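Engineer: First the structure, then my questions, so here it is.
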Amino acid sequence: MYRIGELASAANVSKRTIDYYTQLGLLKPKRTHANYRLYDQEAIADLKYIAECKKLHLPLESIRTKLAYRRNSGVSEIALVQQLNLFSDQLKQLNLELKDFAPNLDKLPEEQQETLRNHLSRDSLALIQSLSVLLNKEVVWN
């Protein structure tokens, strides 16, 4: 179990960030008899997940919902439908972006294509490949 300062150091975030996320319900501490907040190992994973979601510019309310799914706690049918709608909208947006993006890949010199590939994760490359197949656009980045 971690006290707030220990968690902040372990997750490389500020105590203020942890306070804020706790107030929003993104982090769920345990309380001691002296009313200290203690965070478990899952809090570090949650903070890393929150950071990844923020990189994707997801709003905190969406992050809260996603954390609830990860924890399998108290997810209502309405929340599931809302999440599926959000996911559908995000796929539509990716689809539009790929349609604009794909034709330009072939125009880049091989050196620049290689640089781009090196900056993408394996998951990102797989996603681009999958979306291109769905769109019947040949984007081969192996």
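So that you can scan it fast, the table gives a plain yes or no per residue for (1) within 18 Å of LEU67 (Cβ to Cβ); (2) assigned to a helix (DSSP H, G or I); (3) open to solvent by 50 Å² or more (accessible area, probe 1.4 Å):
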| residue | (1), (2), (3) |
| --- | --- |
| ARG16 | no, yes, yes |
| TYR20 | yes, yes, yes |
| LYS28 | yes, no, yes |
| HIS33 | no, no, yes |
| ALA45 | yes, yes, no |
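Engineer: Name the single residue, out of those in region 2-14 being of a type in the set (A, V, I, L, M, F, W, C) and part of a helix (DSSP H, G or I), that is most open to solvent (accessible area, probe 1.4 Å).
Structural biologist: The residue in question is ALA10.
Engineer: Looking only at region 4-50, how many residues end up being aliphatic (A, V, I, L, M) and free of Cβ contacts under 8 Å to residues at least 12 places away in the same chain?
Structural biologist: Within region 4-50, residues that are aliphatic (A, V, I, L, M) and free of Cβ contacts under 8 Å to residues at least 12 places away in the same chain number 3.
Engineer: Name the residues in region 34-59 that are within 15 Å of GLN83 (Cβ to Cβ) and either of a type in the set (A, V, I, L, M, F, W, C) or touching a Gly at 6+ places or on another chain (Cβ under 7 Å) (or both), would you?
Structural biologist: Passing the criteria: CYS53, LEU56, LEU58.
Engineer: If a residue counts only when it is surrounded by 12 or more Cβ atoms within 10 Å (Cβ to Cβ) and modelled with pLDDT under 80, which helices (runs of 4 or more DSSP H) contained entirely in region 61-142 have at least 3 such residues?
Structural biologist: Passing ranges, in order: 77-105, 122-134.
Engineer: Just a yes or no: is a residue in region 8-20 farther than 30 Å from LEU131 by Cα and in contact with a strand residue (DSSP E or B) (Cβ under 7 Å, 6 or more places away or on another chain)?
Structural biologist: So far as region 8-20 goes, yes, one or more of its residues are farther than 30 Å from LEU131 by Cα and in contact with a strand residue (DSSP E or B) (Cβ under 7 Å, 6 or more places away or on another chain).
The values are calculated or read from the model by the stated rules, or taken from the named source; none is laboratory data. Keep in mind that this is a model prediction, so the values were computed, not measured. Counting neighbours? That spans all protein chains shown, and the Cβs are built from the backbone with ideal geometry, glycine included. Just the protein is used for accessible areas: all its heavy atoms, side chains included, with ligands, DNA and RNA removed. Shrake-Rupley method; radii C 1.70, N 1.55, O 1.52, S 1.80 Å.
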